[in-house]
1. Taking Cα pairs under 8 Å and at least six residues apart, what relative contact order does the stretch 198-282 come out at, in percent?
2. Just the number: Rg to Rh for the stretch 113-267, Cα atoms, Kirkwood Rh, two decimals.
3. For the stretch 227-302, just say rounded, prolate or oblate: build the C-alpha gyration tensor, square-root its eigenvalues into a ≥ b ≥ c, call rounded for a/c under 1.5, and beyond that prolate if a/b exceeds b/c, oblate if not.
4. Under the rule a/c < 1.5 gives rounded, and otherwise a/b versus b/c splits prolate from oblate, where does the stretch 66-150 land using the Cα gyration tensor?
5. Using Cα pairs under 8 angstrom and six or more residues apart, how large is the relative contact order of the stretch 138-230, in percent?
6. Just need the relative contact order of the stretch 58-162 here, percent rounded to a whole number, with Cα pairs under 8 Å and 6+ apart.
7. Pull out a ≥ b ≥ c, the square roots of the eigenvalues of the alpha-carbon gyration tensor of the stretch 225-269, then state rounded if a/c is under 1.5, prolate if not and a/b is larger than b/c, and oblate in the remaining case.
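What follows draws every value from the coordinates through simple rules; no lab data is involved. All values reported here derive from a predicted model rather than from experimental measurement.
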Ligand SMILES: [Zn+2]
């Protein structure tokens with residue numbers, strides 16, 4: 001199997017003085033690693049990728065907006081410490097990131113009215129989240145709330161989003177989830193209303209960055225709704241919420257959770273155009289898909305297809321008007337069928353020959 005080489009691998013090779021020009025010929029190089037190689041060739045290496053700002057290891061006041069505080073906070077921490085953290089430059093930077101993602105959601109019409117909400121984990125069992133009844137297009141850092149994992153509001157002048165339980169249940173079920181984003185993008189929500197998981201094996205970005213499942217409908221904001229979503233997040237990072245919208249999570253930060261919205265929405269839109277063209281779509285071969293899944297695994301993204309047999313990889317049986325699996329039927333099945341047919345033909349031929357002789 002060919003090896004996947006990521007940006008992190010290359011940076012480690014450079015750091016340890018290895019020659020990055022002698023990579024195995026069959027290595028799969030991720031797009032960001034390829035960019036880095038080009039930069040090295042032009043003698044202008046960029047600085048190492050910054051530590052994801054949404055992944056605080058600890059929480060206590062810091063004067064640096066990008067450096068996570070040194071002490072891990074939780075909902076039982078002294079109130080003064082929680083308040084100092086909530087008002088720190090570091091927390092302010094996270095709040096600004098949420099505001100920026102809110103603007104993008106609104107500009108792309110992924111939210112309607114006061115719909116949509118986001119959260120970032122900032123300690124053992126605490127998160128910063130968006131308020132209720134505020135358009136995502138006009139969020140301000142001072143609108144944000146600090147909640148514990150039961151959904152109790154600890155700080156913030158505005159009331160926390162009514163859908164916070166789902167975000168917190170995702171974070172509790174999936175320890176890697178440090179950021180969550182929920183909205184109602186029309187094309188993906190259309191698939192969620194129809195109850196259709198988008199077919200796979202068509203666009204590389206979708207295969208690498210998304211892993212999609214549908215959660216059944218329950219009343220928004222109820223613990224049961226969050227529970228049904230949380231049951232899917234061990235192997236999926238993008239959940240279509242039936243008759244409602246989409247929620248995504250990321251282990252890197254809120255911007256990546258937002259990117260997942262762009263990816264699922266662009267994909268669902270592309271699928272509808274493809275379906276309207278009236279032709280059975282061309283799809284990846286199992287080998288092509290496997291190469292994408294290797295990149296996905298090297299990036300630390302979840303996917304239920306890791307380790308599956310090729311014939312199981314692109315089962316799009318539910319999709320209409322029709323996406324066929326590119327995998328040939330199993331070899332032994334073909335042999336079995338042919339052997340039977342051959343035997344039948346042989347028997348009939350022998351009977352005919354016998355009749356001709358008589
Ligand atoms: Zn919603």
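1. 28
2. Dividing the radius of gyration by the Kirkwood radius yields 0.95.
3. oblate
4. Prolate shape, in that a/c is at least 1.5 and a/b is the bigger ratio.
5. 28
6. Details: 206 pairs, mean separation 24.4, N = 105.
Relative CO of the stretch 58-162 lands at 23 percent.
7. oblate
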